[in-house]
Amino acid sequence: MPIEEMPTPAELEIVLAQHIGTPCEAIVKKRSKVEEGELVGQVSKGLGVPIHSPVNGAVRELSISAHPMRVSTPSLAIRTDAEAPAKTYTTSDWSKLSKEQLLQKVHDAGVIGIGGAGFPTHAKLTPPRGTQIDTLILNGAECEPYITADHRQMVEYPEQIVEGARIILAILGIKSCQIGIESNKPDAIAAMEKAAALQSTNGIEIGVKTLEVKYPQGSEKQLIQSVTGKKVPGFSLPSAIGVVVHNVGTAFAIYEAVALDKPFYEKVMTISGLGIKRPANLKVKIGTRLSDIVEYLGGTTPDLRKVVLGGPMMGFAVSTLDIPVLKTTSSILLLTDKEIDKRPYSNCIRCGWCVSACPMGLQPNEMGVYVEAGKADDTKRFGALECFECGSCAYVCPAKRPLVQFVRLAKMGIRKKESQKTG
Ligand code: SF4
Ligand code: SF4
């Protein structure tokens, strides 16, 4: 579906823990007036990025909100001033800015990796000392079922995404970028190829690599191997083999941060599943409550059974719609009985399908058995810490074993044991 802008709701709930690292602290008070794009939260020390108000309005209260991944977290409730005109932004020439100035703009706009766990982008654009980067990969694979937000952004904003890639190349001081897109998105491939050809000037080479439709094609290490043929060893970062990967949506946010001086306070997301009356790709303000989105789309169907934030393979089920959109929220799936498998799980029958399916070559079957036996801390040898929770093992398991949940418990057991060892 084409991207549609959702009207701003009467109130937004801005969670102060949006990224990996130190959460923000509010720098506004109850009843403070705020403007669209104004700084409302920042990190005093440690890794993090600021948070901005997506609207003109006033802070109704500083409170505690439900958080999809944490139990709860401090937040700001901002009442929207519906009469105030929306802020407009114009492009500026960034080509004369230094790497440091470009990085500062990315930081100040509050950009984080929106295709993953929310790592601050300015930090990811600063590779470890001693590493030599030669290739940027933009991730346009979008391999999870249902989600089409990146797909539509590539079709509708290809020039801006490619300009975002140019900014990243300028920051990294390199000239080569490959954009990986699965072959089931021919319109996105065509649009991005056209934009890439126009921006491949002055020695810069930006190309599009058509990828096989294969889950989990969009996971960082698998994508690097598909695009470059190179394998990232063990626990190393992609920078170890000279590669940096960013999502196409993050490249768009970098474009807005640098070329428009626009903070990151709105994003495109997919709302889908048979449980929503009108599925859509919506541009929404960060802090919009899920309940407002559902209401805007006509409500849910009577047979709604499960709400998932993220894709069906890697997303998290949530028990309420009374939570806000975060910078990392890529989709909301509203699923009915027809789409979920409610059969209870049973014992492992040692068929080995999960081992064959695992793209990392791990042994999820053994991890599950060990966790059930109370030996979660003894699962490192089966590769628990290398698991990136793609869900492929659980998907193929004929016994319907909750293998991803087992692996999460395995990781917790190992980390607990290791922290006890180090005192
Ligand atoms: S979730 Fe399962 S298939 Fe995916 S990496 Fe982890 S163990 Fe392997
Ligand atoms: S796929 Fe399921 S039943 Fe088969 S070995 Fe793996 S955990 Fe056991």
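Relative to the current alpha-carbon distance between M360 and R415, full extension at 0.36 nm per residue lengthens the span by 17.8 nm. Toward the positive end of the charge dipole of the stretch 1-128, with +1 on the Cβ of Lys and Arg and -1 on the Cβ of Asp and Glu, the farthest Cα among L39, I112, P127 is that of P127.
Net charge of the neighbourhood of G113, taken over other residues with C-beta under 14 Å away and scored Lys/Arg +1, Asp/Glu -1, is +1.
Taking one quarter of the surface of the convex hull spanned by the alpha-carbon atoms of the stretch 298-423 gives a direction-averaged projected area of 10.0 nm².
Translational diffusion coefficient, Stokes-Einstein: compute it for the stretch 222-373 using the Kirkwood radius over C-alpha pairs as Rh, at 4 °C and 1.567 mPa s, and state it as an integer in µm² s⁻¹.
69 µm²/s
When the C-alpha to C-alpha distance is required to be over 30 Å, the pairs from K230/K283; K87/K306; K45/K105; K33/K99 that qualify are K230/K283; K87/K306; K33/K99. This model, with +1 at the C-beta of Lys and Arg and -1 at the C-beta of Asp and Glu, gives the stretch 307-407 a dipole about its Cα centre of some 180 debye.
In plain terms, the chain from K283 to E35 could stretch by 87.3 nm, reckoned as 0.36 nm per residue minus the Cα-Cα distance.
Quick one: net charge of M1's neighbours, Cβ under 10 Å, K/R +1, D/E -1?
Spelling it out: positives minus negatives among the neighbours equals +1.
Panel values: the stretch 120-184, Kirkwood radius from alpha carbon pairs, Stokes-Einstein at 4 °C and 1.567 mPa s, translational diffusion coefficient 98 µm²/s.
Annotation: M412 carries an accessible surface of approximately 130 Å², with a 1.4 Å probe and no ligand, DNA or RNA atoms counted. Bridging of K194 to lysines at a Cα separation below 23 Å is possible for K175, K185, K209, once same-chain residues fewer than 8 apart are set aside. Its residue count N fixes a reference of 2.2 N^0.38 Å for the stretch 112-246, and the Cα radius of gyration divided by that reference is 0.99.
Straight-line cross-link partners of K416 among the lysines, defined as a Cα under 22 Å from its Cα and at least 8 positions apart when in the same chain: K375, K380. Computed about its Cα centre, the charge dipole of the stretch 193-351 is approximately 400 debye, with only Lys, Arg, Asp and Glu carrying charge at their Cβ.
Against the empirical 2.2 N^0.38 Å (N residues), the stretch 74-178 has a Cα radius of gyration ratio of 1.29.
Net charge near I224: determine it from the other residues with C-beta under 12 Å of the C-beta of I224, scoring Lys and Arg +1 and Asp and Glu -1.
Details: positive: K209, K221, K230, K231; negative: E220.
So the environment of I224 carries a net charge of +3.
For a straight C-alpha distance cut-off of 17 angstrom, the aspartates and glutamates reachable from K221 (same-chain residues fewer than eight places away being disregarded) are D134, E142, E144, E182, E212, E386, E389. For Y255, the solvent-accessible surface with a 1.4 Å probe is about 20 Å², rounded to the nearest 10.
By the rule of a second cysteine Cβ within less than 4.7 angstrom, the chain holds isolated cysteines at C24, C143, C177, C348, C351, C358, C387, C390, C397. Relative to the current alpha-carbon distance between I27 and R129, full extension at 0.36 nm per residue lengthens the span by 33.4 nm. Accessible surface area normalised per residue over the stretch 86-178 is 45 Å², counting heavy atoms of protein chains with a 1.4 Å rolling probe. Panel note: the C-alpha atoms of the chain, placed on their principal axes, show extents of 62, 52, 50 Å (largest first). When the accessible area of the chain is computed with all protein chains present and a 1.4 Å probe, what percentage of it is carbon and sulfur? On the chain, the fraction of accessible area on carbon and sulfur atoms equals 52 percent. Distance from the Cα centroid of the stretch 57-110 to that of the stretch 122-195 is 23 Å (rounded to whole angstrom).
The values are calculated or read from the model by the stated rules, or taken from the named source; none is laboratory data. Computed from a prediction, not measured in an experiment: that's the story for all the values here. Note that we place each Cβ from the backbone using ideal geometry, even for glycine, and neighbour counts take in every protein chain shown. Accessible surface is based on the protein model in full, side chains and every heavy atom, while ligands, DNA and RNA are left aside. Shrake-Rupley method; radii C 1.70, N 1.55, O 1.52, S 1.80 Å.
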